[in-house]
Amino acid sequence: MRLQRVWLIARSGSQAAQRQARICSEDLRRQDVVVVTASSGLARDPFPGLLATEPDLPDLALVLGGDGTVLGAARHLSPHGVPILSFNVGGHLGFLTHDRRLLRLDAGSAGLWQRLRDDRFALERRMMLEARIDRADGVKTGQAEGPHLALNDIYFRPGLDDLSSTCVLELEIDGEVVDQLRGDGLIIATPTGSTGYAMAAGGPIVHPGLEGIVVTPICPMSLSSRAVVVPPRAQLSVWPLGASSRRVKLWQDGAQATTLEPGDRAVVQRSQHSAVLVALEQSPSYYRTLTHKLHWAGSLIAAEPSHN
C-alpha cells in the first residue's frame, strides 16, 4: 500500500481516541506522511467537508473509535474505494474494529505502518445497501431521492412521537407484495448488520462471507410476520400506509436519513459500492469474534469439560 496521505478520524467525545489520534498523527508525519485529522460522532460528520475541500483522496482512512465511527466512514468513503483501517478506541462492542492493542502505540507504531507498506494485510469487501425515495407528490419529476447508503442496515420507524409508536408498512420484494407489517417498524440489513439492530429484534446472524439481505420486522403485531433472508440481488420496496399524519423515518446505520409520508416509496437494494476494510489478523475468525463480543458460553459456571 502506498502510504503518502492518510485521513485520521477519531471518535468525537472520546479522550482516548483523541489522544491516540495525536500520537498516530505525530508518528506518521515524522515519516513524511500527509495526515488530515478530524472528529466524527452523532452530531459531527467530517466527511462532506473533507471530500469537498481536500485536493486528493487518502491512501488510507485510519479510524479510531467504535463501530459507529466506522459506519460513518464507510457510508462516505465506499463510493471512492478508500480502504478503512479501524481500531476500537473509546468504542463499545467493536464488531468491525481491531483490538486497540494491535496499534502497539506504547512500543512505537512504526512496525504497523511498515506492515501496510509491505502489503502484509488483507482487504475485506463488505456488501452495502442503498435506499432511493420516490415521492408521491412528484416534486422530483421522476427522479428518485438518494441514494442513502448503509453498511449495517436501513430501517423504518414511526416518525411522530406524539402518536402511537406503531406504523403500517407494505413490503414488496421483486415486484410481489409480500406483507403488510403492523408494528414498531422494519429493519433491512446486510450480513454485516445482522449482528446489530436486526439481531436485537430477533433476526438471524448471517456470516459476512455470505451475501444476502436480512428483513426483520420490529415487534410485529402478527405472529406470521417473521425475519427472512432474501438474495442479494432482490429489490425491496417499502410504502408507509395509513393517514397522512403517519409519517415514517428512514434511518441508515442509526443516523436519520429522511422522512417518508404515506404514498412515498423507499426502494432498498444492494449498493454497487462495497466497504473496503483492512484486516490485519493473520487468521481472522468470525466465530471467535462472536464468542468474544456476545459472551457465548462465557457466563456458564458449570460448563462441561471440552477437548477444545
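The values are calculated or read from the model by the stated rules, or taken from the named source; none is laboratory data. Predicted, not measured: the structure shown is a model, and the values here were computed from it. Counting neighbours? That spans all protein chains shown, and the Cβs are built from the backbone with ideal geometry, glycine included.
Some points to look at:
- For the stretch 172-190, the set of residues classified as surrounded by fewer than 22 Cβ atoms within 10 Å (Cβ to Cβ) and either among the small types (Gly, Ala, Ser) or farther than 12 Å from Val238 by Cβ (or both) consists of Asp174, Gly175, Glu176, Arg182, Gly183, Asp184, listed by residue number.
- Ala234 falls short on exactly one of the conditions (1) at pLDDT 95 or above; (2) hydrophobic (A, V, I, L, M, F, W, C); (3) buried (at least 17 other Cβ atoms within 10 Å of the Cβ); (4) over 30 Å from Leu103 (Cβ atoms), and that condition is (3).
- Exactly one residue out of Leu85, Leu151, Leu103 is at pLDDT below 95 and not small (Gly, Ala, Ser): that is Leu103.
- Enumerated strands (runs of 3 or more DSSP E) restricted to the stretch 189-241, each holding at least 1 residues that are within 19 Å of the chain's Cα centre (by Cα) and free of Cβ contacts under 8 Å to residues at least 40 places away in the same chain: 213-218, 228-230
- Neighbours by Cβ (under 8 Å, 6+ apart or cross-chain): first from the stretch 259-278, among the polar types (S, T, N, Q); second at pLDDT below 95 and not in a strand (DSSP E or B): Thr259/Gly159; Thr259/Arg247
This table checks each residue for (1) closer than 23 Å to Ala257 by Cα; (2) surrounded by 14 or more Cβ atoms within 10 Å (Cβ to Cβ).
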residue: Val6; (1), (2): no, yes
residue: Val34; (1), (2): no, yes
residue: Ala52; (1), (2): yes, no
residue: Arg75; (1), (2): yes, yes
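- Of residues in the stretch 282-305 being part of a loop (DSSP other than H, G, I, E, B) and at pLDDT 80 or above, the one farthest from Leu62 (Cα to Cα): Leu294
- Condition met for Leu169 (touching a residue at least 40 places away in the same chain (Cβ under 8 Å), aliphatic (A, V, I, L, M) and either assigned to a loop (DSSP other than H, G, I, E, B) or surrounded by 17 or more Cβ atoms within 10 Å (Cβ to Cβ) (or both)): yes
- As for the stretch 6-22, it holds at least one residue that is within 19 Å of the chain's Cα centre (by Cα) and not in a strand (DSSP E or B).
- Trp296 vs. criteria of a type in the set (Phe, Trp, Tyr) and under 24 Å from Gly68 (Cβ atoms): yes
- Residues that are buried (at least 17 other Cβ atoms within 10 Å of the Cβ) and among the hydrophobic types (A, V, I, L, M, F, W, C) were ranked within the stretch 255-272; the one that is farthest from the chain's Cα centre (by Cα) is Leu260.
- Number of the exception - Arg2 against (1) assigned to a loop (DSSP other than H, G, I, E, B); (2) over 15 Å from Ile84 (Cα atoms); (3) charged (D, E, K, R): (2)
- Members of the stretch 1-28 that are charged (D, E, K, R) and either touching a Phe, Trp or Tyr at 6+ places or on another chain (Cβ under 8 Å) or farther than 23 Å from Ala52 by Cα (or both): Arg19, Arg22, Glu26, Asp27
- Residue selected from the stretch 242-260 under the condition part of a loop (DSSP other than H, G, I, E, B) and in contact with a helix residue (DSSP H, G or I) (Cβ under 9 Å, 6 or more places away or on another chain), by the criterion farthest from Leu129 (Cα to Cα): Gly254
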